[in-house]
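Note sheet for the following structure.
The values are calculated or read from the model by the stated rules, or taken from the named source; none is laboratory data. Here the structure is a predicted model, which is why all the values come from computation and not from measurement. Because the Cβ atoms are built from the backbone with ideal geometry, glycine has one as well, and the counts that use them run over all protein chains shown. Areas reflect the complete protein model, heavy atoms only, side chains present, ligands, DNA and RNA absent. Shrake-Rupley method; radii C 1.70, N 1.55, O 1.52, S 1.80 Å.
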Amino acid sequence: MTTPDLDLLIRDVDVVRAGTDAPTRADIGVRAGRFAQIAPGIDPARAAALLDGRGRLAFPGVVDAHQHWGIYNPLAEDAASESRASALGGVTTALNYIRTGQYYLNRGGPYADFFPEVLDRTDGRSVIDFGFHLAPMTAEHIDEIPMLIDRHGVTSFKIFMFYGSHGLHGRSTDQSGFLMIPPDQSYDYAHFEFVMRAVQAAREQRPDRADSISLSLHCETPEIMRAYTRLVEQDPHLTGLAAYHASRPPHSEGLAVTIAAFLADETNLATVNLLHLSSGKAVTAALRMARTFPHIDFRREVTIGHLLTDVESARDNGGKVNPPVRPRADVEALWEHVLAGEVDWVVSDHACCRSEQKFGADPGDVFAARSGFGGAEYLLTGLLTEGGKRGLSPGRIAELTAGTPARRFGLGTKGDIAVGLDADLCLVDPTATWTVRAADSPSTQEYSPFEGVEMTARVTDTFVRGVPVVSAGAVTTGPAVGRYLFRAGGEGAGR
């Protein structure tokens with residue numbers, strides 16, 4: 001009798017590799033949480049557990065590089081419920097943007113005190129692996145960047161360019177109160193410059209990890225948003241998501257991208273991520289800046305919400321998000337850039353916001369509604385459904401959802417189905433048709449801007465380091481196996 005040397009064998013699947021042209025039929029052997037063998041005809045007697053893949057697609061586990069656990073709900077609660085929603089969509093790694101100030105833990109202070117509490121509240125709660133990007137909101141935070149990299153494995157940071165005079169949901173006249181920063185400090189272009197200088201200094205001091213240390217920017221211009229919000233509120237013909245789009249116009253994004261790029265050049269910062277570009281003008285500006293400053297490694301991000309919804313199709317004010325969902329012309333422009341290979345990764349920007357928080361006392365007032373919504377469970381299948389219609393290959397989808405974000409953010413053991421990497425994968429039935437219903441999601445969000453969208457592919461099984469967390473289309477009831485990812489850079493990342 002053969003002694004099993006594999007913990008799990010998944011037989012007869014079409015393996016999708018990031019960046020490859022076509023899937024390859026093979027079996028997948030897992031040992032000690034990693035891919036041990038990928039080949040046709042592996043002897044099933046070698047495996048302690050066996051799963052018949054029945055010809056389904058095997059995708060690398062999705063690396064959703066943009067989520068927001070704990071922004072509207074308790075962090076520990078979101079880590080549990082929203083990780084389950086993510087797993088249902090094939091997400092095996094979630095990187096969450098988080099900061100001090102109102103929302104999240106609702107306090108300021110140094111990250112030396114703040115971040116250990118974040119880790120404590122998420123420990124043992126998530127069914128998928130997870131990490132964090134942090135936003136330096138104060139001068140003290142800037143000084144903490146080396147500590148965050150070396151002590152906590154946080155290698156990516158963020159600037160919210162619109163916080164200069166705008167709050168999370170609209171106008172704000174009390175910046176220091178909202179951001180909980182010292183009254184003698186400002187969150188402005190000068191602060192952004194100093195963040196960039198500090199991130200670049202950290203890169204130069206750690207040459208072996210420099211490529212995985214980066215800065216992400218939410219690019220919108222608060223002065224334009226403030227002025228256009230006044231104009232929109234005076235126009236009785238503009239309501240709902242169309243009004244919100246008009247109050248935060250696309251050229252606000254384009255201008256912010258241009259300013260961010262100039263500051264990156266001034267500070268010699270070479271690794272810049274332009275987040276959730278939502279319009280044709282924004283991507284055009286990003287591409288122009290890449291040509292203008294070819295020595296900067298710009299990466300361009302788009303969300304599944306901006307690819308699948310528009311101001312007409314999203315579910316009323318439940319579709320409010322920053323930057324806004326746009327008219328159909330911008331959606332089509334984003335798809336053109338995706339198909340042209342000009343977008344580096346696609347994310348969910350998942351931010352669970354329950355109805356009573358989302359809509360407030362006046363559900364018809366888009367400016368009173370809170371910004372953001374969940375949707376990680378529709379990231380991969382949404383790309384397969386809509387992207388498939390447009391000629392986007394499975395291999396390119398794997399690159400957009402796993403390969404590129406894993407490399408950029410220092411997750412050396414994630415992002416592909418290859419021997420030696422973490423056995424993160426999901427099985428997808430490419431023939432399944434189903435309709436998005438918020439009620440079917442493990443998320444605690446009761447509505448969805450994706451409600452009613454018809455999908456033509458479905459995740460049936462998800463594995464995190466070889467452990468099944470979704471089986472036969474349902475989240476398993478086992479322990480929460482997700483781990484915090486200390487991003488060391490290179491091959492050892494995530495360990």
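Quick rundown of the values:
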item: Qualifying residue in region 443-454 (condition: without any contact (Cβ under 8 Å) to a residue 24 or more places away in the chain and not in a loop (DSSP other than H, G, I, E, B)); result: no
item: Residue list for region 455-467, restricted to those being open to solvent by less than 30 Å² (accessible area, probe 1.4 Å) and part of a loop (DSSP other than H, G, I, E, B); result: Ala457, Arg465, Gly466
item: Residues (in a helix (DSSP H, G or I) and surrounded by fewer than 21 Cβ atoms within 10 Å (Cβ to Cβ)) located in region 348-358; result: Ser355, Glu356, Gln357
item: Total residues in region 207-253, condition more than 18 Å from Leu274 (Cα to Cα) and polar (S, T, N, Q); result: 4
item: Hits in region 16-39 - residues which are among the β-branched types (Val, Ile, Thr), open to solvent by 10 Å² or more (accessible area, probe 1.4 Å) and not in a loop (DSSP other than H, G, I, E, B); result: Thr24, Ile38
item: Within region 277-298, tally of residues that are in contact with a Pro (Cβ under 9 Å, 6 or more places away or on another chain) and surrounded by fewer than 24 Cβ atoms within 10 Å (Cβ to Cβ); result: 2
item: Which numbered condition Asp422 fails, given (1) within 17 Å of Ser86 (Cα to Cα); (2) at pLDDT 95 or above; result: (1)
item: Test for Ile397: is it outside any helix (DSSP H, G or I), modelled with pLDDT of 95 or more and aliphatic (A, V, I, L, M); result: no
item: Glu356 vs. criteria modelled with pLDDT under 95 and not polar (S, T, N, Q); result: yes
item: Residues of region 305-316 classified as in a helix (DSSP H, G or I) and either open to solvent by 10 Å² or more (accessible area, probe 1.4 Å) or free of Cβ contacts under 8 Å to residues at least 12 places away in the same chain (or both), total; result: 2
item: Subset tally (residues that are outside any strand (DSSP E or B), of a type in the set (Ser, Thr, Tyr) and modelled with pLDDT of 95 or more) for region 468-495; result: 1
item: Residue, nearest to Ala457 (Cα to Cα), within region 388-401, restricted to residues that are of a type outside the set (Val, Ile, Thr) and touching a residue at least 60 places away in the same chain (Cβ under 8 Å); result: Gly388
item: Unique match (being touching a helix residue (DSSP H, G or I) at 6+ places or on another chain (Cβ under 6 Å), more than 21 Å from Val366 (Cα to Cα), open to solvent by less than 10 Å² (accessible area, probe 1.4 Å) and not hydrophobic (A, V, I, L, M, F, W, C)) among Thr258, Thr271, Thr267, Thr221; result: Thr267
item: Members of region 166-180 found to be in a loop (DSSP other than H, G, I, E, B) and either at pLDDT 55 or above or open to solvent by less than 30 Å² (accessible area, probe 1.4 Å) (or both), listed by number; result: Gly167, Leu168, Gly170, Thr173, Asp174, Met180
item: Residues being basic (Lys, Arg) and within 17 Å of Arg408 (Cβ to Cβ) - total across region 203-260; result: 3
item: Enumerated strands (runs of 3 or more DSSP E) restricted to region 212-304, each holding at least 2 residues that are within 23 Å of Ala135 (Cβ to Cβ), among the acidic types (Asp, Glu) and touching a residue at least 12 places away in the same chain (Cβ under 8 Å); result: 297-303
item: Hits in region 409-434 - residues which are surrounded by fewer than 22 Cβ atoms within 10 Å (Cβ to Cβ) and either closer than 19 Å to Gly387 by Cβ or under 20 Å from the mean Cα position of the chain (by Cα) (or both); result: Gly412, Asp429, Pro430, Thr431, Ala432, Thr433, Trp434
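Each row is one residue, and each column tells you yes or no for (1) aromatic (Phe, Trp, Tyr); (2) more than 24 Å from Ala201 (Cα to Cα); (3) out of contact with any Phe, Trp or Tyr (no Cβ under 7 Å at 6 or more places or on another chain).
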{"residue": "Glu266", "(1), (2), (3)": "no, no, yes"}
{"residue": "Val272", "(1), (2), (3)": "no, no, no"}
{"residue": "His276", "(1), (2), (3)": "no, yes, yes"}
{"residue": "Ala290", "(1), (2), (3)": "no, no, no"}
{"residue": "His295", "(1), (2), (3)": "no, no, yes"}
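Here is a yes/no grid of residues against (1) open to solvent by 50 Å² or more (accessible area, probe 1.4 Å); (2) outside any loop (DSSP other than H, G, I, E, B); (3) under 13 Å from Thr303 (Cβ atoms); (4) touching a strand residue (DSSP E or B) at 6+ places or on another chain (Cβ under 7 Å):
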| site | (1), (2), (3), (4) |
| --- | --- |
| Leu334 | no, yes, yes, yes |
| Gly341 | no, no, no, no |
| Val346 | no, yes, yes, yes |
| Val366 | no, no, no, no |
| Thr381 | no, yes, no, yes |
